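Student: This structure is in structure tokens; I'll ask about it shortly.
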Amino acid sequence: MFEEYYMHSRFEDDGDFLPLISIDEDDETQSDEVFPETMPVLALKNTVLFPGIVIPITVGRDKSIKAINRAYNHGRLIAVLSQRDSNVEEPNLEDLYKIGTVARILKILKMPDGTTTAIIQGRRRFMLSQLIRERPYMEGRVEILSYKYPEDKLEFEAITSSILDLARDIIELSPNIPQEAMVMLRNINNSSFLLNFISSTLGSK
């Protein structure tokens with residue numbers, strides 16, 4: 001079960017904005033999930049999905065809809081990459097960053113206005129090694145990246161603590177970030193999830 005926090009932070013696939021949702025702690029360092037070598041690819045504009053974070057995405061592009069539907073009906077896993085240029089409507093390999101996050105599609109919603117919204121949950125980071133098709137949807141060969149543990153645990157904890165203090169200051173000073181984010185920060189005990197949450201919440205500003 002995950003706990004939802006609706007934020008005013010904005011994310012988009014094809015130009016429609018939706019609020020951020022974050023989940024209760026989800027530790028990518030302990031994940032033993034097995035992922036397929038190839039999976040559909042979803043390109044996001046102005047958005048970076050991090051492991052342990054859940055966001056709703058409005059899907060408008062035909063290839064994106066087909067990729068979401070294909071993934072949902074075949075294991076629910078999809079490779080999510082960010083676009084280098086949000087103005088590109090038909091991204092190819094050169095338009096995508098190579099490092100992304102494998103996501104699990106939790107739910108697909110057909111909205112009253114005819115659009116499709118997918119609720120996706122970041123699971124593990126990956127590197128795109130090959131784009132094996134671009135139509136009717138993008139599909140790629142992925143390499144799951146291992147989590148790199150800090151060499152100096154005390155130094156890592158000190159840096160994380162400093163980042164947490166800065167994040168609290170930013171939230172207090174920013175009118176665009178709701179105070180629910182502060183509540184979330186106080187209740188996160190896992191360092192890797194904490195950094196992912198901060199990056200997702202503050203990185204869009």
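The values are calculated or read from the model by the stated rules, or taken from the named source; none is laboratory data. Model, not experiment: these values are computed from the prediction. Because the Cβ atoms are built from the backbone with ideal geometry, glycine has one as well, and the counts that use them run over all protein chains shown.
Student: Within the stretch 171-188, is there a residue that is aliphatic (A, V, I, L, M), surrounded by 15 or more Cβ atoms within 10 Å (Cβ to Cβ) and modelled with pLDDT of 85 or more?
Tutor: no
Student: Another question, if that's okay. Taking the residues in the stretch 81-100 that are under 18 Å from residue 133 (Cα atoms) and of a type in the set (Asp, Glu) as candidates, determine which candidate is surrounded by the most Cβ atoms within 10 Å (Cβ to Cβ).
Tutor: 95
Student: What is the number of the single condition among (1) touching a Ser or Thr at 6+ places or on another chain (Cβ under 8 Å); (2) free of Cβ contacts under 8 Å to residues at least 60 places away in the same chain; (3) small (Gly, Ala, Ser) that residue 129 does not meet?
Tutor: Unmet for residue 129, out of (1) touching a Ser or Thr at 6+ places or on another chain (Cβ under 8 Å); (2) free of Cβ contacts under 8 Å to residues at least 60 places away in the same chain; (3) small (Gly, Ala, Ser): (1).
Student: Filter the stretch 48-72 down to the residues that are touching a helix residue (DSSP H, G or I) at 6+ places or on another chain (Cβ under 9 Å), closer than 19 Å to residue 86 by Cα and β-branched (Val, Ile, Thr) and list them by number.
Tutor: 48, 55, 57, 59
Table: residues versus (1) in the same structural domain as residue 71 (by TED's automatic domain parsing); (2) polar (S, T, N, Q).
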| site | (1), (2) |
| --- | --- |
| 138 | yes, no |
| 160 | no, yes |
| 164 | no, no |
| 174 | no, yes |
| 182 | no, no |
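Student: Check off (1) assigned to a strand (DSSP E or B); (2) touching a helix residue (DSSP H, G or I) at 6+ places or on another chain (Cβ under 8 Å) for residue 143 and give me the number that stays unchecked.
Tutor: (2)
Student: Here's something else I'd like to know. Do we have residue 47 as assigned to a loop (DSSP other than H, G, I, E, B), in contact with a Phe, Trp or Tyr (Cβ under 9 Å, 6 or more places away or on another chain) and at pLDDT below 95 here?
Tutor: Here the answer is yes, as residue 47 does meet what is asked.
Student: So which of 148, 107 ends up being assigned to a strand (DSSP E or B), loosely packed, with under 13 Cβ neighbours inside 10 Å and modelled with pLDDT under 95?
Tutor: Only one candidate passes the filter, namely 107.
Student: Quickly run through the stretch 74-104 and pick out the residues that are within 19 Å of residue 125 (Cβ to Cβ) and outside any strand (DSSP E or B). Give the steps one after another, and end with the answer.
Tutor: Residues of the stretch 74-104 that are within 19 Å of residue 125 (Cβ to Cβ), as a first pass: 75-84, 93, 96-104.
Result: 75, 76, 84, 93, 97, 98.
Student: If you don't mind, there's one more thing I want to ask. Among (1) closer than 26 Å to residue 197 by Cα; (2) surrounded by 15 or more Cβ atoms within 10 Å (Cβ to Cβ), there is one condition residue 137 misses while meeting the rest; what is its number?
Tutor: Residue 137 satisfies every listed condition except (1).
Student: Being touching a helix residue (DSSP H, G or I) at 6+ places or on another chain (Cβ under 7 Å), closer than 22 Å to residue 33 by Cβ and not in a strand (DSSP E or B): is that true of residue 137 here?
Tutor: no
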